[in-house]
Amino acid sequence: MTLARWILTGGLMFSPLIFVAQPPAAAYREPFRPQLHFSPREKWTNDPNGLVYYKGVYHLFFQHYPGDIIWGPMHWGHATSKDLIHWRQQPIALYPDSLGYIFSGCVVVDSANTSGFGQKGKVPLVAIFTHHDPAGEKKGNKDYQYQSLAYSLDDGNTWIKYRQNPVLKNPGIADFRDPNVMWYKPGKKWVMTLATKDRVTFYSSRDLKSWTKESEFGKDQGAHEGVWECPNLFPMQLDGATHWVLLVSINPGGPNGGSATQYFIGQFDGKNFYTGGSTIRWIDYGPDDYAGITWNNTGKRKIFLGWMSNWIYANQVPTTAWRNAMTLPRQLRLVRAGGGGEIYLSSLPVQELNSQAAKPVIMNGVPIDSLTDLSDKIHASATQYKLTLHADSIKDFFITFSNPHGQQMALGYEKASNRWYIDRALSGKTDFNQEFPKKFFSPRIAATKTLDLTVVMDVSSLELFADGGLTVMTAVFFPDAPLTRLHIGTNEPWKIRQLSYTPLRSIW
């Protein structure tokens, strides 16, 4: 659809009524196509948007350009799932219109009909998103981003844009976007967390239409090497107490370059967010987890999803039918760790991933020397699998996943520097960007003397979860053949108490 047609349609109905059938299975067998992660059937995707759970269905909206495999005029793509693992792509939910492109945002369940959008007892789902005016940006204006609404009265299948958009105009800030809204029960109001240049601004509303500025956060906290994006504020429980978590993505300025997501733990009183300490913490230290947010309306369970790419090379990775994917959905928890009892955010793959598990290979008391080949112990035909290790001590070690072409992904632990790493220098196709074939590091947060490690390998991605998810690293890669060979090495004798290898069936 051309921009002219978007303007002519007036921006009212945005989902075509014709159901788009799922493609044949062969469409999800292209080179590098993820078999465990959501990726669009075709064309470009970036940030997850509007994550909401309603009537037994998980909705995933996402930044999408259906015209090319490089970034372009943003739409909201749409996919649904009943188990967070198997996804059905739906018709596009929101198209660009006369107010601009459809940038990131959220969806809330307005069960009390505070917005007045509900009709005949139907509960409205309300999308709050950023309109981005490309013409205003081209002119050099600063107010080309503002917040707008759309609503659905059929459980998220089709959407109607509010005729009086925008509902929150830009006060003159070039980066004024990515609203994330929650119901703040003590104050009986909606609270919006909005990315505003290099900090977040909190707004409140009784009806989702009229917004009042409450406060700002971040001027002197966190990383500031790039623009702040995609904030997400929510409460979590630990030891019977409520703590508030604030996610904020930043680009550039991540711990390994480019895009990444930092988090803060503190308190929120309905107006101000407070946090102690100055240490910058990252939800994922790898190069390929950005713009992540959590699902709304899931109760106390907080489920996180990120965009599995990095703006350094997102437009250049060597896929042809589609470009970029999402991380695995991850369950978030607050834990005390680090030796001083400090509170950290941990994340592990959701338990629903176990539905894809085939019969595991379990090895007990595995001795490891300088280089131990375990390739004959695993299923050489599996292109996606989970590897878990448990050891009673932690020493310098490395794991390589390789193929007959000599291509490999390596990960390991360096005891002297107390850090984890992922190395994709020899992982396959790497020449599309000089920043891609590098070694990436993360500090080890846990202070325990034992080791637990989970690695989820897909056709073109590796996700590392160490020490119960205290350290997480995600990296994509593009090999010429699946990485089905496994080696583990160390510089001194070591024994793995238990090693488990589990093939995982494709979600497609």
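Just so you know, all these numbers are worked out from the coordinates, no wet-lab data involved. Worth saying up front: this structure is predicted, and the values here are computed from it rather than measured. Don't worry about glycine lacking a Cβ; one is built from the backbone with ideal geometry, like all the others, and counts go over all protein chains shown.
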- line: Given backbone amide H placed at 1.01 Å from N, residues whose amide H is under 5 Å from that of Asp289, ignoring those fewer than 5 places away on the same chain, are Ser309
Coordinate range along principal axes, alpha carbons of region 63-179, Å, largest first: 44, 35, 21
field: Proximal aspartates and glutamates relative to Lys188, as straight alpha-carbon distance under 18 Å, when same-chain residues fewer than 8 apart are discounted
entry: Asp110, Asp207, Glu214, Asp269
- line: Gly140 neighbourhood, Cβ < 15 Å, K/R = +1, D/E = -1, net charge -1
- request: Please give the peptides 444-454, 189-199 ranked by average Cβ packing (other Cβ atoms within 10 Å per residue), highest first, as a rough proxy for protection.
  value: 189-199, 444-454
- prompt: With the calculation restricted to Cα positions, what are the radius of gyration and Dmax of region 305-356 in angstrom?
  reply: 16.1, 49
statement: Summed over the other residues with a beta carbon less than 12 angstrom from that of Leu499, with K and R at +1 and D and E at -1, the charge totals +3
query: Once phi is turned into θ = phi - 60°, what whole-Hz ³J(HN,Hα) does the Karplus curve with 6.51, -1.76 and 1.60 give for every residue of region 404-416, x standing for Gly and Pro?
result: x, 7, x, 8, 7, 10, 10, 9, x, 10, 10, 5, 4
query: Which whole-angstrom value gives the distance between the alpha carbon centres of region 117-140 and region 148-182?
result: 3
- prompt: Where Rh denotes the Kirkwood radius from the mean inverse Cα pair distance, what is Rg over Rh for region 357-503?
  reply: 0.94
task: Would you mind checking Lys429/Lys449; Lys43/Lys302; Lys82/Lys219; Lys43/Lys138; Lys300/Lys495; Lys122/Lys386 for any pair whose Cα atoms are more than 32 angstrom apart?
output: Lys429/Lys449; Lys82/Lys219; Lys300/Lys495; Lys122/Lys386
field: the chain: proportion of alpha-carbon pairs further apart than 31 angstrom, %
entry: 43
query: With the Cα gyration tensor of region 290-447 giving a ≥ b ≥ c as the square roots of its eigenvalues, does the rule (a/c under 1.5 for rounded; else a/b larger than b/c for prolate; else oblate) give rounded, prolate or oblate?
result: rounded
task: Could you tell me which of rounded, prolate or oblate describes region 233-340, using a ≥ b ≥ c as the square roots of the eigenvalues of the alpha-carbon gyration tensor, with rounded for a/c under 1.5 and, failing that, prolate when a/b is larger than b/c and oblate otherwise?
output: prolate
field: Other-chain or far-sequence residues with amide H under 5 Å of Lys302's (modelled H)
entry: Leu332
- prompt: Any idea what Rg and Dmax come out to for region 110-154 if you just take the C-alpha atoms, in Å?
  reply: 15.0, 45
query: What net charge do the residues around Gln384 carry, taking every other residue with its C-beta under 14 Å from that of Gln384, with Lys and Arg at +1 and Asp and Glu at -1?
result: +2
query: Considering the dipole of region 56-201 built from charges on the beta carbon (Lys and Arg +1, Asp and Glu -1) around the Cα centre, which of Ala79, Leu194, His132 is farthest to its positive end?
result: Leu194
message: To make sure I understand the rule: partners must be aspartates and glutamates, Cα under 14 Å from the Cα of Lys415, and not fewer than 8 residues away in the same chain. Which ones qualify?
response: Asp396, Glu492
message: Contact order normalised by length for region 389-508, with contacts defined as Cα pairs under 8 Å and 6 or more residues apart; what percent is it?
response: 33
message: Once you keep just the Cα pairs under 8 angstrom separated by 6 or more residues, what percentage relative contact order results for the chain?
response: 14
field: ³J(HN,Hα) computed for each position of region 214-219 - Karplus, 6.51 cos²θ - 1.76 cosθ + 1.60, integer Hz, glycine/proline x
entry: 9, 6, 10, 9, x, 4
field: For region 308-325, 3J(HN,Hα) per residue [Karplus equation, 6.51 cos²θ - 1.76 cosθ + 1.60, θ = phi - 60°, Hz, x = Gly/Pro]
entry: 8, 6, 8, 5, 4, 9, 4, 7, 10, 4, x, 9, 10, 7, 9, 8, 5, 8
- prompt: So who's got an amide H within less than 5 Å of the one on Asp175, skipping anything under 5 residues away but keeping other chains? H placed 1.01 Å off N, in plane.
  reply: Lys197
